[in-house]
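Structure first, then comments.
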Amino acid sequence: MANLSMDLDVRDFRTRSAEQISKMVQDEMAARAVDLGPELHFSVPQHFAAIELAATRIRERNVPITPVLSHQSLNQSVGARGCQLFFKCENLHTIGAFKIRGALNCLTQLTPEERARGVITHSSGNHAQALAYGSQLLGIKGCVVMPETAPVCKVEATRSYGVEIVRSRADAADRERVCNQLISEHGYYMVHPYDNWRIIHGAGTAALELLTSHPDIDIIAAPVGGGGLLSGTALAARGLRSSSIRVLGCEPTNADDAALSFATQTRQPPRFPPNSVADGLLTGLGERNFEIIRRHVDEIVTVTDAEIVSAMKLLMKFLHVVVEPSGAVPFAAILKLGRTNPQAVENRRVGLIISGGNVDLENSFGEIEKKVKEPSPHPLLSRLQASSEPQ
């Protein structure tokens, strides 16, 4: 299903008022009368059963259960008495992000005819890598549309799995336009990065694992961009614990369409352009995702880029793992609650999903490498360094 923004000129969002934009979106949605599929009317137990099936499918493809880490210093950093944090490390997957779950759940369910057509998606990085990895694993031809703003490390990692990469402008409308053009030319099967029930159910397996290993968690927090992870997390939480667990969405302040949509109970367009260090959370909410989020999420907390970077530093210092900005957003949100509303997290066991860890580390090694005179002896590192230099 195409993003709504595909049908509306980006310039419209730059020149019109918020009221005009809202009316444009509502008129567009009414005109299209979008069919979100029978899954929209599933009960929570039906969605939960689909998540359990997804868990079986990805285990059959040797996707490991990611570890849950904790550290007393991080508990204390929240500043709320008795708060305990449990970090689900999705950054430790082979591709460095939770996206492998949804991609494999979707790809393994394709018919022979759909596999023969090849698959396509658009993504700034993590879903791109997931689709590329899954395509290589299953022997399916893959094509990925990546925006010109995608981090170099994510582009190179995606290319390493043998898919074709086609570049687009940064805005969602152009990503969709390029995708649709390639589908028309080649007949590819579209695997949407988040607005797809199989992707949502696959993403929900991360929360399923976390809440199965730690059944006494009181709050579960996940980042939200397009909404695949948060909607899957909410369905898993409601399936296991019904209303006895609080579900938090966490979002950058400068890309806050999910928070605005949640507050108004009407899906809002993304900022144009969205601007945050959390590059994986700059897309607008999907239609299916919003329907789940508005029904099953309790709150969406927004955080500034400064808060996100501070959370990254703390996670890397104490957990000793690489965390990308998007993956640090839930921790940044809990730290914010600890400062502004400590009662919300006092004596609470909080599960946080670190969604990914794909960070360009070239700058991090800069000071050390200044002391080394010889070039890197490894050809892969040499290629990555060359690709990251200004053109």
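Listed values, structure above:
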{"read-out": "Hits in the stretch 97-120 (condition: more than 21 Å from LEU211 (Cα to Cα) and under 14 Å from the mean Cα position of the chain (by Cα))", "value": "ALA103"}
{"read-out": "Matching residues, the stretch 65-90, being closer than 24 Å to ALA203 by Cβ and among the small types (Gly, Ala, Ser)", "value": "SER70"}
{"read-out": "Options GLY327, GLY351; residue that is buried (at least 24 other Cβ atoms within 10 Å of the Cβ) and closer than 17 Å to ASP279 by Cα", "value": "GLY327"}
{"read-out": "Residue in the stretch 124-143 that is open to solvent by 10 Å² or more (accessible area, probe 1.4 Å), at pLDDT below 95, of a type in the set (Ser, Thr, Tyr) and closer than 26 Å to VAL297 by Cβ present", "value": "yes"}
{"read-out": "Some residue of the stretch 131-145 being touching a strand residue (DSSP E or B) at 6+ places or on another chain (Cβ under 7 Å), under 25 Å from ALA278 (Cα atoms) and not in a strand (DSSP E or B)", "value": "yes"}
{"read-out": "Any hit, the stretch 211-221, residues being open to solvent by 10 Å² or more (accessible area, probe 1.4 Å), more than 16 Å from VAL44 (Cβ to Cβ) and part of a helix (DSSP H, G or I)", "value": "yes"}
{"read-out": "Selection status of GLY351, at pLDDT 95 or above, farther than 16 Å from ASN75 by Cβ and of a type outside the set (Asp, Glu)", "value": "no"}
{"read-out": "Complete set of residues in the stretch 239-250 that are open to solvent by less than 50 Å² (accessible area, probe 1.4 Å) and under 18 Å from ALA344 (Cα atoms)", "value": "ILE245, VAL247, LEU248, GLY249, CYS250"}
{"read-out": "Answer from ALA207, ALA173 - the residue that is in a helix (DSSP H, G or I), crowded, with 24+ Cβ neighbours inside 10 Å and not charged (D, E, K, R)", "value": "ALA207"}
{"read-out": "Tally of residues being open to solvent by 20 Å² or more (accessible area, probe 1.4 Å) and of a type in the set (A, V, I, L, M) across the stretch 64-85", "value": "3"}
{"read-out": "Residue among CYS153, CYS179 that is open to solvent by less than 10 Å² (accessible area, probe 1.4 Å), outside any loop (DSSP other than H, G, I, E, B), in contact (Cβ under 8 Å) with a residue 24 or more places away in the chain and not basic (Lys, Arg)", "value": "CYS179"}
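Conditions (1) over 25 Å from the mean Cα position of the chain (by Cα); (2) modelled with pLDDT under 50, marked per residue:
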site	(1), (2)
MET1	no, yes
LEU8	no, yes
ARG11	yes, yes
GLN26	yes, yes
GLU39	no, no
SER43	no, no
ASN62	no, no
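The values are calculated or read from the model by the stated rules, or taken from the named source; none is laboratory data. Just so it is clear, the model here is predicted, and its values are computed rather than measured. Note that each Cβ is placed from the backbone with ideal geometry, even for glycine, and that neighbours are counted across all protein chains shown. Quick note on the areas: whole protein, heavy atoms, side chains included, nothing else; ligands and nucleic acids left out. Shrake-Rupley method; radii C 1.70, N 1.55, O 1.52, S 1.80 Å.
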